[in-house]
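For reference, the structure discussed in these notes is given below.
Every read-out reported here was derived from the displayed coordinates using simple, explicitly stated rules and does not represent laboratory data. What you are looking at is a predicted structure, and each value in this text was computed from that prediction instead of being measured. Cβ placement follows ideal geometry from the backbone for every residue including glycine, while neighbour counts extend to all protein chains displayed.
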Amino acid sequence: MALVPYALTRPFLFGMDPEAAHELTLNTLARTQHSMLNRAYRSTRISDPIELAGLKFPNRVGLAAGLDKNARCIDGLGAMGFGFVEVGTVTPLAQSGNPKPRMFRLPKAMGLINRLGFNNDGLDAFIANVQQSRLYQQRCAHPDESPTMLLGLNIGKNAATPIERATDDYLICLDGVYPYADYVTVNISSPNTKNLRTLQNDDALDALLAAISKRREELAQIHGKRVPIFLKIAPDLDDEQIAVIAQTLQRYGKDTQGKVNNAWGVIATNTTLSRAPVLTMSNRVISQLRASLGPEFPIIGVGGIMSAQDAVSKIRAGANVVQIYSGLIYQGPELVSEAATLIKNTF
């Protein structure tokens, strides 16, 4: 249990501009994560292991990408009890993102509007931060021990890169993050990078997955490990679009006998362009993906989790594990253990 209840901290943070509060929180985590001050937010990690995509997740609650874009706070976030933490999105080159203001709260709906636009310090700084984390250093020192937490690294394209050359950016990032990732997420669903979501279309998606799959096999030979890759998709998809994505994922995520090969998974979903409840939208996508992909295909469910019951609804919809983001902002670190406990006791 965290030493300082989030209910005491939230009024102060919510009195600030959302992006300023975000930066203050990350700076505080970065400064305190390796000191006794992390007791203010540290919590016991609930043990509820599950095998997924060839990996052993310590529990079924993770942090979604977007909170820690530069991988500065891996250890601090891990101290909150997550079974896995995903950081990024990182792009090959540093970029400032969209003009400010670009973050907004919707307190009555317990929502966030995010128009950041992949602002980050670039791939080299990102990798350096991962290398400096204690999680990574402990793995180097004790390579045969089971990791206490899994690490996902989320990659994207630079805004200045033409959409026709987007694959180049993804391959550059994949080369860079591959040695350090338990899994890699390919983000093609942010609404804040022009034309990015067109990569979810049939031919473009097939070409992207083909190129990434080919490079991953080359990297597996170089590094002696085969890292699973998750495709992060949008909630604003109709039934036909979901079916196309599922068909494409099956081509690369299953072998010729139709068995899951632990090469690909899917994260459903990113943020929405509409004002409809994202929990309902993402659960609909999850349900349709599960029906199309079958019982064994890896699905990470994310979007609109504000309570432990919401997390359970994601699993019931068909997700294997879940991620939270906005729920952490509104409910605090307590939500992590609450969700992990209820999932463990329910399934």
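Dividing the summed helix terms, -39500 (n - 2.57) for each DSSP H run of n ≥ 4, by the number of residues in the chain produces a 222 nm estimate of -12500 deg cm²/dmol to the nearest 500. The tail of the calculated P(r) for region 105-261, taken as Cα-Cα distances beyond 18 Å, holds 65 percent of the pairs. Protection proxy ranking for 140-149, 41-50, 110-119, using the average of other Cβ atoms within 10 Å per residue and placing the highest first: 110-119, 41-50, 140-149.
Where the centroid of each part is defined by its Cα atoms, how far is region 1-53 from region 231-270 in Å? Distance between centres, Cα-based: 33 Å. Relative to the current alpha-carbon distance between Ser146 and Thr28, full extension at 0.36 nm per residue lengthens the span by 39.6 nm.
Can you tell me how region 58-188 classifies by the Cα gyration tensor, rounded, prolate or oblate, using a/c under 1.5 as the rounded cut? Cα axes put region 58-188 in the oblate bin. Springs between Cα atoms under 10 Å define the GNM used for the chain, and in it the highest mean-square fluctuation of Ala20, Ala71, Ala30 occurs at Ala20. Considering region 290-347 at the alpha-carbon level, its Rg and Dmax are found to be 11.5, 35 Å.
By the equivalent-ellipsoid construction on the alpha carbon gyration tensor, region 218-291 comes out with semi-axes of 27, 15, 9 Å, ordered largest to smallest.
Taken along its three principal axes, the alpha carbon spread of region 6-346 comes to 54, 47, 45 Å, from the longest extent down to the shortest. Beyond 19 Å in Cα-Cα separation lie the following of the pairs Lys69/Lys157; Lys254/Lys314; Lys69/Lys108; Lys69/Lys314: Lys254/Lys314; Lys69/Lys108; Lys69/Lys314. Between the C-alpha center of region 73-92 and that of region 106-153 there is a gap of 3 Å.
In plain terms, the C-alpha convex hull of region 24-102 casts an average shadow of 6.9 nm² when viewed from every direction.
Size check on region 1-139: the Cα extents along the three principal axes, sorted descending, read 39, 39, 29 Å. Gain on full extension, evaluated as 0.36 nm per residue between Thr256 and Asp206 minus their Cα-Cα distance, stands at 16.3 nm.
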